[in-house]
Amino acid sequence: MTDKNQNGPSRRAFLTGAGAAAAGTLAGGASAQADPAIAIHPWMQELGDGVDAAPYGMPSPHEADVKRRTVEWLTADPVSSINFTPLHDLDGTITPNGLCFERHHSGVARVDPAQHRLMIHGLVDKPLVLTMEDLKRFPRQNHVYFLECAANSGMEWRGSQLNGCQFTHGMIHNVMYTGVPLRLVLEEAGIKPEGKWLLAEGADAAAMTRSIPMEKALDDCLVAFKMNGEALRPEQGYPVRLVVPGWEGNMWVKWLRRLEVGDQPWHHREETSKYTDLLADGVARRFTWEMDAKSVITSPSPQAPITHGPGPTVLTGLAWSGRGTIPRVDVTIDGGITWHEARMDGPSTPKALHRFYYDFEWDGKPLLLQSRAHDSTGYVQPTKNALREIRGENSIYHNNGIQTWAVDADGKAENVEIS
Amino acid sequence: MSRFLKFALLASAMASPVAAEPLGLGRAATPEEIALWDIDVRPDGLGLPAGSGDVMTGDKIYTEKCSACHGVFGEGTGRWPVLAGGQGSLSDARPVKTIGSYWPYLSTVYDYVNRAMPFGNAQSLTHDEVYAITAYLLYLNDEVDEDFVLSSDNFAEARLPNEEAFKPDDRAEVEFAAFKEEPCMTECKPSVEITMRAAVLDVTPEETAAKAAAKAEEAQAAEPTPEAPTAEAPAVEVAEAPAADPALIKAGEKVFRKCKSCHQIGAKAKNRVGPVLNGIVDGPAGAVEDFRYSKPMAAAAEAGLVWTESELSAFLGNPKGYMKGTKMSFPGVRKEEDIAALIAYLRDASE
């Protein structure tokens, strides 16, 4: 206490005596009050936890608000539902494992890895059964890929609906996978020449199935067992999932238990009734696997308002494409009258999230924020209205239109659409 | 070998993937193992097992095992999938996508019912039951008459009306030209107006950072301080509740997984297909607000039925035997120790 008492007056004396120049940079009256953060805090005096207090470390309790969230009214039941990655709270490009959004059709399968098998059969020379131990003896690779649900932004087809990029764009995550090229696993069984399609099936109670063309299966798919270096989380398919880079998330079958080679697609529920894109004329597109180039400003955004007032402001967001890399993102703060090339930062690899920044001086006036991704094939992210002109409003899936946030003079942001 | 020939070989090896040397990992899958897991069915009939089922049988099975979620006429309860109707609605503002209006192939119905239904008890139906349910779903969609029998022999003849209304992904042809133009960067439009706001609909989940913080503050303020006069409250003799057995509760939580597709319990529980179960043990039957009970359950409630452990045990062991006409389409918990565990869990999770 004596120390504090001695420090207090001397600090005030310094501040008041430091002249008008220093005081002038502070908000009116602030110079007279001590900053309570400049103090001797308990953590400066008391001993903290020793090692092993948390053998598996968790975020600071001050970060408790950084979590996945669901939208309850979307689905009938939480075991066949979705929650969303808190994109507005994250930076960089890698999604922490515990924050990767979840989508299950019959809940999280509780798989015992010792009792898990991967069966490969159908049009193959030698039908196989692999244990997890067998899988880990194939040569493996590491790749960072985004996984986006085809229904990401699906609630926005008819107009702005959800206030927060977590809800409008949070059915996406981006992690480093460790796994075996699917090609090696299939070649171990020997694909017959007429084998043109692959059926992947999960071990959950939905027995999730998707048909995958052999060309993709042999190209860049992985049979993955690690994410960001550690075992897959149960909700992401522990102990093993399929990775289908750049293609819609539903195909990345979790809890992968079976691969069947066939000569034609199976047309199962998730590629007929669901994950087909109904157009305005009543005709539906099927097998719309690739994810189009897309971007979103993650801050400022409705859940991440500007709280600091006018002055230097960091605008940031994410961009991605299922067809390659993102060499360029354009940003506007005036609703699209003038655009600026954003600064790309961090690694740029195909079919992975990219981070962009636009650092600007906010004048305190209302803003209309948008971002527009360009991918390495020359595709430019379209407006929502451009998409609607071609597809109507009933597609549910593959909404990659440009997102607008309106920021008011207080820095609060809202999901809007503009002319 | 000439250089040209080498190149040609390499090119052909790249075009049609030639198997790498196998590593000799894993073991051969036996035909029996494959048969157990290989349940998929294709539109051409590949994978379809021998069997048959008629509409009337399908009606019975559907009413018992499917209607609680999908509705008696396939209309769907709550947000559960609608299975019937919607024909001709696909180009409407609000299309109704059902088996009859949207699904292209009947094989998909058989395959999906067989692999994933009933919800929470997948792969429990016999082949004939799946045929019967599939036949009944055709009937609900006005595709067949009530005397229709679906079998492995006539399956290939069955066609769904919307089969032709699907086309392959044509984004590259239809969209790419327009979406690959160099966009405008300056003076792109004279002015800009907001045309729609999410706040108008206001369907965003309530909880936000600010609200969470406010709640935390409230909770702190509401917490009784150590000095609070709780000790001064008049001492009331409370009947000693049976000591909770954590192992039993834990076991009961596992058993409860069977119930979870229809019931919720705990502070955030809401009515689903079945009512919220908070306070069910030793509580009055049919007492959850806003839940539409079956007639017999409402009558039993009226008559003053209380879910004592013994009554609840009898109900859980055989719901339809205990109460004919209950909406609870659940076959029952077989083992007595599972019922005891479940009741312990229901008691604990209500608190």
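The values are calculated or read from the model by the stated rules, or taken from the named source; none is laboratory data. Keep in mind that what you see is a predicted model, and the values were worked out from it rather than measured. As a convention, Cβ positions derive from the backbone with ideal geometry for all residues, glycine included, and neighbour counts pool all protein chains shown.
Assessment of segment A:327-344 against the conditions (closer than 24 Å to A:Asp219 by Cβ, surrounded by fewer than 23 Cβ atoms within 10 Å (Cβ to Cβ) and outside the structural domain of A:Asp220 (by TED's automatic domain parsing)) yields at least one matching residue. Here A:Arg328, A:Arg343, A:Arg388, A:Arg355 are screened, and the one residue that is among the basic types (Lys, Arg), at pLDDT 95 or above and within 30 Å of A:Asp281 (Cβ to Cβ) is A:Arg388.
A residue that is of a type in the set (Phe, Trp, Tyr) and farther than 17 Å from A:Ala151 by Cβ cannot be found anywhere in segment A:275-293.
Scan segment B:152-192 for residues that are over 24 Å from B:Leu90 (Cα atoms) and in a loop (DSSP other than H, G, I, E, B) and the total you get is 16.
Per-residue answers, yes or no, for (1) of a type in the set (Ser, Thr, Tyr); (2) more than 30 Å from A:Lys384 (Cβ to Cβ):
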{"site": "B:Ser91", "(1), (2)": "yes, no"}
{"site": "B:Val113", "(1), (2)": "no, yes"}
{"site": "B:Ala116", "(1), (2)": "no, yes"}
{"site": "B:Gln123", "(1), (2)": "no, yes"}
{"site": "B:Leu137", "(1), (2)": "no, yes"}
{"site": "B:Phe148", "(1), (2)": "no, yes"}
{"site": "B:Asn162", "(1), (2)": "no, no"}
{"site": "B:Asp169", "(1), (2)": "no, no"}
{"site": "B:Glu173", "(1), (2)": "no, no"}
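Scan segment B:20-53 for residues that are farther than 30 Å from B:Arg159 by Cβ and not aliphatic (A, V, I, L, M) and the total you get is 9.
Filtering segment B:193-202 to residues that are at pLDDT below 85 and not in a helix (DSSP H, G or I) leaves only B:Asp202.
Scanning segment A:159-173 for residues that are polar (S, T, N, Q) and either surrounded by fewer than 24 Cβ atoms within 10 Å (Cβ to Cβ) or free of Cβ contacts under 8 Å to residues at least 24 places away in the same chain (or both) yields a count of 1. Being over 24 Å from A:Tyr397 (Cα atoms) and among the hydrophobic types (A, V, I, L, M, F, W, C) holds for only one residue in A:Ile306, A:Ile297, A:Ile326, and it is A:Ile306. Among the residues making up segment A:185-238, a single one is more than 26 Å from the chain's Cα centre (by Cα), small (Gly, Ala, Ser) and crowded, with 24+ Cβ neighbours inside 10 Å: A:Ala189. From the list B:Glu173, B:Glu143, B:Glu163, B:Glu182, the one residue that fits, being of a type in the set (Asp, Glu) and crowded, with 19+ Cβ neighbours inside 10 Å, is B:Glu143. Scanning segment B:47-88 for residues that are of a type in the set (Val, Ile, Thr) and in contact with a Ser or Thr (Cβ under 9 Å, 6 or more places away or on another chain) gives B:Thr63, B:Val72, B:Thr77, B:Val82. Within the option set A:Ala406, A:Ala342, A:Ala352, A:Ala386, being closer than 24 Å to B:Glu187 by Cβ and away from chain B (no Cβ under 12 Å) holds for one residue only, A:Ala342. Per the conditions (1) out of contact with any Ser or Thr (no Cβ under 6 Å at 6 or more places or on another chain); (2) more than 13 Å from every other protein chain (Cβ to nearest Cβ); (3) of a type outside the set (Ser, Thr, Tyr); (4) touching a residue at least 60 places away in the same chain (Cβ under 8 Å), the sole criterion not satisfied by A:Asn400 is (2). B:Tyr136 passes every criterion in (1) more than 14 Å from chain A (Cβ to nearest Cβ); (2) surrounded by fewer than 18 Cβ atoms within 10 Å (Cβ to Cβ) apart from (2).
The residue pairs whose first member lies in segment B:168-185 and is farther than 22 Å from A:Asp277 by Cα, whose second member is surrounded by 10 or more Cβ atoms within 10 Å (Cβ to Cβ), and whose beta carbons are closer than 6 Å, counting only pairs six or more residues apart or on different chains, are B:Pro183/A:Val380; B:Met185/A:Trp339.
Against the definition (in contact with a Phe, Trp or Tyr (Cβ under 9 Å, 6 or more places away or on another chain), surrounded by 18 or more Cβ atoms within 10 Å (Cβ to Cβ) and not charged (D, E, K, R)), how does A:Thr85 come out, yes or no?
In short, yes.
Across segment A:201-231, the number of residues qualifying as more than 18 Å from B:Ile39 (Cα to Cα), touching a residue at least 12 places away in the same chain (Cβ under 8 Å) and hydrophobic (A, V, I, L, M, F, W, C) comes to 9. In this structure, A:Ala217 does not qualify as within 14 Å of chain B (Cβ to nearest Cβ) and assigned to a loop (DSSP other than H, G, I, E, B). Scoring B:Met117 on the criteria (1) of a type in the set (A, V, I, L, M); (2) out of contact with any helix residue (DSSP H, G or I) (no Cβ under 6 Å at 6 or more places or on another chain); (3) away from every other protein chain (no Cβ under 14 Å) leaves a single failure, condition (3). Filtering segment A:350-358 for residues that are under 16 Å from the mean Cα position of the chain (by Cα) and surrounded by fewer than 21 Cβ atoms within 10 Å (Cβ to Cβ) leaves a non-empty set.
For segment A:220-237, filtering for residues that are in a loop (DSSP other than H, G, I, E, B) and either more than 14 Å from chain B (Cβ to nearest Cβ) or within 13 Å of A:Glu102 (Cβ to Cβ) (or both) leaves 5. Scanning segment A:59-83 for residues that are in a strand (DSSP E or B) and over 16 Å from A:His169 (Cα atoms) yields a count of 2.
The condition (being more than 22 Å from B:Ile249 (Cα to Cα), surrounded by 16 or more Cβ atoms within 10 Å (Cβ to Cβ) and not assigned by TED's automatic domain parsing to the domain that holds B:Cys66) is satisfied by just one residue among B:Leu316, B:Leu305: B:Leu305.
If you scan segment A:301-321, which residues turn out to be assigned to a loop (DSSP other than H, G, I, E, B) and either buried (at least 24 other Cβ atoms within 10 Å of the Cβ) or facing another protein chain (nearest Cβ under 10 Å) (or both)?
Result: A:Pro302, A:Gln303, A:Pro305, A:Ser321.
A quick yes/no check of all residues on (1) buried (at least 23 other Cβ atoms within 10 Å of the Cβ); (2) assigned to a strand (DSSP E or B); (3) within 12 Å of chain B (Cβ to nearest Cβ):
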{"position": "A:Val253", "(1), (2), (3)": "yes, no, no"}
{"position": "A:Pro265", "(1), (2), (3)": "no, no, yes"}
{"position": "A:Tyr275", "(1), (2), (3)": "yes, no, yes"}
{"position": "A:Asp281", "(1), (2), (3)": "no, no, yes"}
{"position": "A:Thr288", "(1), (2), (3)": "no, no, yes"}
{"position": "A:Asp292", "(1), (2), (3)": "yes, no, yes"}
